[in-house]
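*Asks:* Dropping the structure in here first, questions after.
No value in this document is a laboratory result; all are computed from the given coordinates. On a predicted model such as this, the values are computed, not experimentally measured, just so you know. Glycine gets a Cβ as well: all are built from the backbone with ideal geometry, and neighbour counts include every protein chain shown.
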Amino acid sequence: MPNGTLRRPVLFRPDRIQGRRSAALAPVVKFPASISPSGNPVSLPPTSQAKQLPHGIRYNPLAPVNFSLDTSALSPDETLLHFVRLLRQRYLAVIAHTPADSPRAPFLQNQLPTLALAEAYLRLINLPASHAGPAHVAVIGPTQAGKSSIVNCLCRQEAAQVSPLAGHTVHPQGFCLNANLSKLDWLDDYYAGFQRLPPQQLPHERYECYALTALPPQADHPLPSCVIWDTPDFDSIDAEGYREGVLRTAALADVLLVVLSKDKYADQSVWDMLQRLAPLQQPTVLCLNKVAEDSRELIEASLRRRWQEWRDGTPPPVISLPYRQDWGPAAWQEDNHALYTNLALAINGVQRTRQDQAKYRLLSNYWHAWLEPVMGEQAARAEWRRQVQAAVDSAVALYQRDYLNHPHHYETFQRTLVELLTLLEIPGLAKPLLYARRAITWPIRQITRLGHWSHGDKTATPGSEALTLNKATEHLLLRLAEGILQQREQDSRLYGWWSELSRLLQNQRATHQQTLDEACRHYQLDFQSDIEKAARRLMERLREHPAILNSLRATRATADAASLVLAVHAGGIGLHDMVLAPALFSITSLLTESALGRYLDKVQTELKQRQHEAFTALLQAQAEQHLLHLPDHMNNADKFAIPPKTLAAAQAALDHDH
């Protein structure tokens, strides 16, 4: 039997756990009462509507669910129950949105039986009343193996209805053999979602029912006190509809009596069921029914070999019963001594103290398979976060290459020198010169503005930095779009997940671009204060060198420099033209060749570093706010969408005692 590594689950609190009403139910997982555990609509009779069954969950794949579970007030076993229940509900929801011909559909469908089995077993061990009382013997097997006949044999009366038609039994039916029926009321909690009815009232068209009947006392019966359960088959066409009842009864069983026929003992469905139940390690007796004496030994040997192929350990006892048309009360004691003996030994050997180990084996065996699609979605989210970060890094690298480190495009330091020119105004002459220069440059400014109006644009032409910022943000969004498409092709299991993310990004791309452009404009405006600070630092250092300061002020006094400043403020020329201005060129040369040359380089380097950090922080903030959480806007109806915190709580509960 393949074993997996166990992890920890999170629970969905039943209405009643440990014999009391729970004050705080698990986080709002509600299912309309008109939906059965199999996902089919049901019509409940008045008796069932009047009685509110404890923690009777009816699964609606389309019901909205809070996928975060608060397990702070839950025991580890309760946490596991709630988590498995939530996980099963999410499987049903995902299957409801998955096309039947999808490559993913068979895998999803195959997880439902083991999830139902695990939920039932966890429900059982969370009911303290179940830890005492008579043993439960589940008679299971494929269709027309003679299960109901064997049940009648064990009960020594015609308790179960027998029919030659396949699929006649569709409800679990328990028969209390020398057991007190009043001490089994907890079974209503265990079979929550099922209605308990007398056997004669069980509706054949509705599967969410069960029966529990007290047999007349039989003091001379060879079996100890027990409850014998007749169950539906698990291999017919309709078996999926009543599979829930079979699995709940199998999980309840202290002892399994597997009834097989010579025609069905090798069927795949039989061994799928036995392998599914293997982690529980329930004491088992194999009963070969309707076997001719001349083929008995051959079939028994074949059955034992097959057991060893599918299950670990020594094969359980194999009891063969002959085919007899007159098989009835008169023949039951005659033919079934070995059956009674082996069942009695199995019942007397029941040890319910080992339920915790069985729980751990069951969950650990299927844990990784159950969580594979859940972990896949979480891995996809992690991959999306990685792609967003890579796109941000790439956009920052583009900004650094095409602007900060570009010998011709970098203009921020030139703007710093323009601010320095303003600070170099000669006191007393500044205001008169300003008015004169405005008058001199008025015609040029008007012509420049007319040029903008003629093109329908009343703003100045963007400088090199603005163009590069726009290019970087466009690059970021384009890289994300391409990355999603590549990932979609590489991960076929999550093709739909990545496709939906691609549509979301495409639909919101214009909005994201506008938001990024607006953030970049604010970034440029905010960075103006850094430029002014850098200019003041240069001015303070110049005051420490009076000779250089006076030379610069003389240069500043030229009309060319003044016109340059005014044109920049008025939008008359672009910053990329400033290096051609003679006055600014002279100031740059003087500063570079003076004792302040190294300091000038230091200021420029620090400006670049601050711009790099500021732009990186801008993109990180925008990505965090608008891009990283883009998957949160996806439609979760066809996804598991179980948060990592919930999964971690489940894992912790599973690992609690191990």
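*Asks:* Grab the beta carbon distance between residue 338 and residue 656, set R0 = 35 Å, and tell me the FRET efficiency rounded to 0.05.
*Replies:* Values: r = 42 Å, r/R0 = 1.21.
Efficiency computed from Cβ-Cβ geometry: 0.25.
*Asks:* Under 19 Å from a label point 7 Å along Cα→Cβ of residue 100: give me every residue in region 221-255 with its amide N that close.
*Replies:* Answer for region 221-255: 235-243.
*Asks:* On full extension of the chain, what length is gained from residue 528 through residue 470, given 0.36 nm per residue of separation minus the C-alpha to C-alpha distance?
*Replies:* Details: separation 58, 0.36 × 58 = 20.88 nm, distance 1.83 nm.
Residue separation times 0.36 nm, minus the Cα-Cα distance, leaves 19.0 nm.
*Asks:* Roughly how many nanometres apart are two label points built 7 Å out from the Cα toward the Cβ at residue 214 and residue 481?
*Replies:* It is 7.5 nm.
*Asks:* Taking the simple approach of a point 7 Å from Cα along Cα-to-Cβ for both residue 513 and residue 609, what is their distance in nm?
*Replies:* Distance between the two pseudo-spin positions: 3.6 nm.
*Asks:* Once you've got the Cα coordinates, tell me which of 147/639; 183/262; 147/183 are over 32 Å apart.
*Replies:* Details: 147/639 40 Å; 183/262 39 Å; 147/183 26 Å.
Cα-Cα > 32 Å for 147/639; 183/262; rest within.
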